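Everything below concerns the one structure shown next.
The values are calculated or read from the model by the stated rules, or taken from the named source; none is laboratory data. This one's a predicted model, so the numbers in the text were calculated from it and none came from an experiment. Positions of Cβ are backbone-derived with ideal geometry, glycine not excepted, and every protein chain shown enters the neighbour counts. Note: areas computed on protein heavy atoms with side chains; ligands, DNA, RNA excluded. Shrake-Rupley method; radii C 1.70, N 1.55, O 1.52, S 1.80 Å.
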Amino acid sequence: MTKPCVLFIDDEEGLLELYRTAFARLDYDVATATGIDSARARLGQGGVDVIVLDIRLGEASGLQLLREVKAAHPKLPIVLCTAYARYQDDFSSWLADAYVVKSSDLTDLKLAVKRCLEASA
Amino acid sequence: MPHQGAPPRRLGRAQRGRATLTALDSGLPLRRHRSSRLLDLLVAVGEALERAVDPEVAAWTVLSALTAGEGLGFNRAFFLLAQDGELRGYLGVGPRSREEAFKVWAELSHRQVRPLALIGTPDATAIGVERQRHARTLVELSLPSPHSCPSWRRAFVAHANHPERCVRHWVEVLDSRALVVIPLLADDGPWGVVLADNFVTAAPVYLGTLEAAESLAHVLRAAVERTSLLRRLREEEQRRVATEHATTLLATARSLTHELVNPLSIAGGTARELAASPPADPSTLVRRLGVIAEAIGRIEEHVARLAEGLAGRANGTVTCEMDLGALAERVVERFRPLAVKRQVRLVCYRPAREVRVRGNPEIGERCVETLLANALTACQGHRGEVQAAVSEEGEWARLQIADNGPPLEPELARNPFSGEMSMRRSSSGLGLASLRALAEAMGGKVDYDQIDAPWVRFALLLRRWS
């Protein structure tokens with residue numbers, strides 16, 4: 001049985017390293033991208049089961065990528081993971097399957113990823 | 001502020017002689033004020049009103065001219081303004097009773113106060129007190145439906161037996177034997193009314209006085225309309241600035257949250273992972289500890305910046321009108337000796353006319369000092385040039401500091417105001433982050449480009465004063 005693949009998109013290399021460590025330990029296949037272009041490239045390769053997406057990607061907006069991915073892959077679940085809770089009020093974020101506020105405790109994020117995968121199975 | 005309402009000056013014999021004439025059209029004694037004196041009065045009132053920015057001050061100025069002894073000399077005067085479907089008492093000037101009149105006039109005489117001389121320096125607090133003194137009378141004079149008043153065209157003197165009910169109401173409230181009524185009309189009915197009388201001295205009202213009072217009332221109308229409009233514009237401007245500040249604060253909150261939560265998540269999350277699953281490899285442990293240390297360092301830097309920004313706001317960033325060109329020139333001159341010492345050419349371009357902006361001179365100078373210091377440092381050793389230029393761009397005014405020193409490092413050039421990196425110019429990125437915070441505290445913003453190589457341009461943009 002192949003491991004589910006989670007693509008983490010965040011401009012913080014430190015966070016990506018944390019996700020790699022934490023989710024690999026949970027037996028996920030972890031892919032990472034620090035920007036929109038590298039995320040597109042990774043998605044183009046296929047095999048991604050769920051995306052964890054930051055809203056602020058340097059000068060670019062994760063919400064733009066959210067719309068783009070949902071248009072191309074409507075069934076691919078996306079978890080928005082951002083520092084700012086009030087983005088939940090932004091209707092652009094409603095396309096996402098889950099919304100998690102960044103924290104040093106990854107319990108909520110792990111749970112959101114698990115639920116998204118279960119829902120899409 | 002002393003009350004007005006001093007008795008009119010006695011006239012000379014020749015003038016008393018002319019006073020026996022009667023105007024055919026008004027039934028009033030035809031004693032005209034000396035034209036030069038009236039002209040002086042109108043000029044003095046006009047000059048005072050030009051400076052008035054508040055409708056209450058404008059009303060007080062004209063009522064003072066009506067009641068001052070060296071003005072038209074009425075004992076008291078009131079202004080009623082049509083507002084929200086009512087003709088409301090707006091302001092009154094003068095004594096409320098005979099006893100008060102004698103007391104106040106004696107005091108004015110003793111202190112040699114000339115009420116008309118005070119109109120050039122209105123005291124808003126004293127005007128407020130005057131309004132309160134007459135508050136009850138002003139309420140009683142008010143009419144709930146001004147449209148029931150006939151549309152009189154000219155001023156007149158009314159008595160207790162006047163045919164119109166609203167006029168009889170005013171005469172009764174003021175217990176006036178002869179009440180001057182000066183209607184001010186709008187297209188669809190009364191705009192306001194000025195009332196005046198000599199309830200203490202019972203001095204007759206002459207045609208010339210009536211005409212002069214009518215002129216002053218019309219000046220009052222123009223001034224109240226202008227100052228009311230100005231007040232509305234000012235309130236709208238304040239609302240707009242408040243909205244912009246709120247938007248800026250929201251953006252700052254988002255930005256700060258992002259900048260703080262990310263390193264917090266990295267540090268805390270990595271520490272938790274280390275605790276949950278300690279790596280067997282010491283080099284992995286050291287690397288992850290390094291990640292934590294780096295994240296904590298970023299947090300410290302952000303907190304310091306936040307504290308600095310908040311302190312700047314707590315200083316009370318009071319903005320006012322200021323000349324950005326003069327400010328630029330002032331700071332440039334301050335830096336000129338340093339530029340000479342570093343062999344950097346320092347020039348300042350500014351329009352000949354003033355560039356009025358909303359800002360805080362002290363904070364504005366700090367911003368320009370930061371930019372100039374960075375630019376001079378950049379050019380040090382290159383015999384370069386630093387240009388300060390002030391220009392206007394629609395609702396904004398731009399103060400730009402350009403230098404032809406080395407370009408910014410690509411990483412820093414992505415967002416030089418983030419404060420996350422040090423400048424390549426021996427200065428600190430923190431300074432530019434503070435610059436942005438200071439500019440925003442003044443309702444302004446900062447800008448940067450190096451599209452026109454080799455020039456590196458930083459700019460402070462402030463809203464033009466309107």
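Brief remarks follow.
- Kirkwood hydrodynamic radius of the stretch B:317-466, Cα pairs, Å: 15.2
- Here the protein assembly as shown is treated with +1 on each Lys and Arg Cβ and -1 on each Asp and Glu Cβ, and its dipole about the Cα centre works out to around 2300 debye.
- Contact order, relative form, for chain A: 22 percent (alpha carbon pairs under 8 Å, 6 or more residues apart, mean separation divided by residue count).
- Protein heavy-atom accessible surface, 1.4 Å probe, per residue over the stretch B:61-156: 47 Å².
- Here the stretch B:317-466 exposes an accessible surface that is 48 percent carbon and sulfur, computed with a 1.4 Å probe and the other protein chains kept in place.
- Computed [θ] at 222 nm, deg cm²/dmol, chain B (DSSP H ≥ 4; -39,500 (n - 2.57); rounded to nearest 500): -17000 deg cm²/dmol
- Between A:Ala41, A:Ala96, A:Cys81, the Cα set farthest toward the positive side of the dipole of the stretch A:5-120 (charges on each charged residue's Cβ, about the Cα centre) is that of A:Ala96.
- The stretch B:56-89 and the stretch B:434-463: distance between their alpha carbon centers, rounded to Å: 50
- Label point distance in nm, B:Glu140-B:Arg232, each placed 7 Å from Cα along Cα→Cβ: 3.3
- The trypsin sites (Lys or Arg not before Pro) of the stretch B:275-384 that meet both conditions, a loop assignment by DSSP and at most 16 other Cβ atoms within 10 Å of the site Cβ, are B:Arg353, B:Arg383.
- Note on A:Lys114: lysines with a C-alpha under 21 Å away, same-chain residues under 8 apart excluded, are A:Lys3, A:Lys70, A:Lys75, A:Lys102.
- Spin-label pair B:Glu395/B:Asp84, simplified geometry with 7 Å Cα→Cβ offset, distance in nm: 2.9
- Note on the stretch B:40-191: Rg/Rh from C-alpha atoms, Kirkwood Rh, equals 0.96.
- Summed over both chains, the contact between A and B buries some 2000 Å² of accessible surface at a probe radius of 1.4 Å.
- Stokes-Einstein D for the protein assembly as shown, Kirkwood Rh over Cα pairs, 25 °C, 0.890 mPa s (µm²/s): 81
- Cβ charges +1 (Lys, Arg) and -1 (Asp, Glu), total dipole of chain B, debye: 1520
- For the stretch A:5-32 versus the stretch B:235-298, the gap between their alpha-carbon centres in whole angstrom: 18
- Top positive-direction residue, dipole computed over the protein assembly as shown with Cβ charges, set B:Val386, B:Leu285, B:Cys166: B:Cys166
- Semi-axes of the equivalent ellipsoid of chain B are 69, 27, 18 Å, computed as sqrt(5λ) over the eigenvalues of the C-alpha gyration tensor in descending order.
- Modelled FRET efficiency - R0 22 Å, A:Thr107 with B:Ile296, Cβ distances, 0.05 increments: 0.50
- Of the solvent-accessible surface of the stretch B:175-307, computed with a 1.4 Å probe and all protein chains present, 62% belongs to carbon and sulfur.
- Relative contact order computed over chain B (Cα-Cα under 8 Å; 6+ residues apart), in percent: 12
- The stretch B:317-466 - charge dipole about Cα centre, Lys and Arg +1 at Cβ, Asp and Glu -1, debye rounded to 20: 360
- Dipole of the protein assembly as shown computed with +1 at Lys/Arg Cβ and -1 at Asp/Glu Cβ about the Cα centre; of B:Cys348, A:Ala31, B:Leu216, farthest Cα towards the positive end is B:Leu216.
- Checking every one of the trypsin sites (Lys or Arg not before Pro) in the stretch A:1-108 against DSSP loop status and a limit of 12 other Cβ atoms within 10 Å picks out A:Arg25, A:Lys75.
- For A:Thr2, the shell of other residues with beta-carbons less than 15 Å away shows a net charge of -2, using +1 for Lys and Arg and -1 for Asp and Glu.
- In degrees, nearest ten, helix B:361-379 long axis to first principal axis of chain B (Cα): 30
- Value at 222 nm in deg cm²/dmol, rounded to 500, when DSSP H runs of n ≥ 4 in chain A each add -39,500 (n - 2.57): -12000 deg cm²/dmol
- Estimated FRET transfer efficiency (A:Ala119, B:Ala246; beta-carbon r; R0 35 Å; 0.05): 0.35
- Interface residues, the stretch A:101-121 - accessible area loss of 50 Å² or more versus chain alone, probe 1.4 Å: A:Ser104
- Rounded to 0.05, the FRET efficiency of the B:Tyr349 and B:Leu42 pair, given R0 = 51 Å and the Cβ-Cβ distance, is 0.65.
- Cleavage-rule hits, trypsin sites (Lys or Arg not before Pro), the stretch B:123-180, DSSP coil, Cβ neighbours within 10 Å at most 16: B:Arg153, B:Arg154, B:Arg177
- Between the stretch B:373-419 and the stretch B:343-362, the Cα center-to-center distance that results, in Å: 15
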